[in-house]
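As structure tokens, the structure follows; a few thoughts come after it.
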Amino acid sequence: MKRMDEDMPFLLQYEHVAWYEDGRVRILDRRVYPTEVRFVECTAYHEVVQAIADMVTQSAGPYTAVGMGMALAAYEVREKGKTEQIAFLRQAAHDLAHARPTTANRYGIITEHCAQVAEAALEAGADPVEAIVEATVESLNRRYGTMQIVGDYLADLIPNRGTILTQCFGETIVGTVMRAARRTGKDFRVFCAETRPYLQGARLTASCFAQMGFDTTVITDNMVAYAMEREGIDLFTSAADTIARDGHIANKIGTFQLAILAKHFGIPYFVTGVPDGDKQGAEDIVIEMRDPEQVLSYRGIPNTVPGVKAIYPSFDVVPPHLISGVVTDQGVFVPDALRHYFDREPKTFY
């Protein structure tokens, strides 16, 4: 099977996201990359659930991890009867899908498909573990292929030798827009907002762009207005953890304020991704609230004195009037017209 991670940076190669082999799932620990290249090994699917909840992998990484977690679940119950195996896999599909609430709908598409593939394999007397791994790689290929189309559209929007600002780690779109730029000979500078409190923009996004030879600069989150005013930023772009039909999007906390600044400075903001058909508007978006301790400390080092409180909403919601366009596999939509994305049957994404 041809793989779509060819020419991708280290972080986006399939085995470096999450991978099942011999009764284990290895997940790259993005919480410490690039300081360390360390993998978390899971020997039960519940450990994959916990790894996703703990943000061992994030952005689109869980899309791979939940599929490989389903293979691990099939391995765990391999010696049971067919009925018990199917029931176990159905429970695993639910648990893995709900590892994080904001994107449970997207994870659920993957885990439900894996459960169906496993059930068909069992009915045919085939190995469900092997069938799930193959289905997960096929899903990865579909997603990378679809996001390459999105990356091509986004690359067309970036001026040659221009400057873009990114927020958090857009995972697949980071790799595909670079691949599109390299194919067409386009070059651009990248400013990466560091994205507190986990610093994905600094550790992950900046690593990918720099490894692929792009002029890459990291700024702290409170330097964005300065950079927009003085550094010649032509375009602000982010992925989205969910895109509602009415044009509201949710992305890493802080995206809303960057969108406000972009509007103030007249810089277009383009969101990338595939809209969620099951979310009509902002009221359907669940904001995950994480452990405030992750704000009060970083890598075990306290940031505050005892007694200080914190909050940690993982995402915020950006309203449509701040978004210049949503870049999809069907082209670029103004938010008010995003509902027309569903006028034709979308391709299977996951």
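The values are calculated or read from the model by the stated rules, or taken from the named source; none is laboratory data. Given the structure is predicted, the values throughout are model-derived calculations rather than measurements. FYI the Cβ positions are ideal-geometry reconstructions off the backbone, even for glycines, and counts take in every protein chain you see.
The figures follow:
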| read-out | value |
| --- | --- |
| Residue among Asp29, Asp7 that alone is in contact (Cβ under 8 Å) with a residue 40 or more places away in the chain and acidic (Asp, Glu) | Asp7 |
| All positions within region 73-109 that are among the basic types (Lys, Arg) and over 30 Å from Arg290 (Cα atoms) | Arg78, Lys80, Lys82 |
| For Asp329: the one exception among (1) surrounded by fewer than 18 Cβ atoms within 10 Å (Cβ to Cβ); (2) in contact with a helix residue (DSSP H, G or I) (Cβ under 8 Å, 6 or more places away or on another chain); (3) among the charged types (D, E, K, R) | (1) |
| Top-ranked residue in region 274-285 [being touching a strand residue (DSSP E or B) at 6+ places or on another chain (Cβ under 9 Å) and either part of a loop (DSSP other than H, G, I, E, B) or free of Cβ contacts under 8 Å to residues at least 40 places away in the same chain (or both); ranked as surrounded by the fewest Cβ atoms within 10 Å (Cβ to Cβ)] | Ala282 |
| Residue match in region 301-311 (condition: touching a residue at least 60 places away in the same chain (Cβ under 8 Å), outside the structural domain of Met55 (by TED's automatic domain parsing) and outside any strand (DSSP E or B)) | no |
| Considering residues of region 246-267 that are closer than 14 Å to Gly325 by Cα and touching a Phe, Trp or Tyr at 6+ places or on another chain (Cβ under 7 Å) only, the residue surrounded by the fewest Cβ atoms within 10 Å (Cβ to Cβ) | Ile267 |
| Residue that is of a type in the set (Val, Ile, Thr), on the phi < 0 side of the Ramachandran plot and either under 22 Å from the mean Cα position of the chain (by Cα) or part of a loop (DSSP other than H, G, I, E, B) (or both), where the choices are Val224, Val271 | Val271 |
| Residue in region 185-208 that is free of Cβ contacts under 8 Å to residues at least 24 places away in the same chain, assigned by TED's automatic domain parsing to the domain that holds Val334, surrounded by fewer than 17 Cβ atoms within 10 Å (Cβ to Cβ) and farther than 24 Å from Ile149 by Cβ present | no |
| Per-region count, region 230-251, residues touching a Leu at 6+ places or on another chain (Cβ under 7 Å) and assigned to a strand (DSSP E or B) | 3 |
| Top-ranked residue in region 107-158 [being among the hydroxyl-bearing types (Ser, Thr, Tyr) and either touching a Pro at 6+ places or on another chain (Cβ under 7 Å) or within 13 Å of Ala73 (Cα to Cα) (or both); ranked as surrounded by the most Cβ atoms within 10 Å (Cβ to Cβ)] | Thr111 |
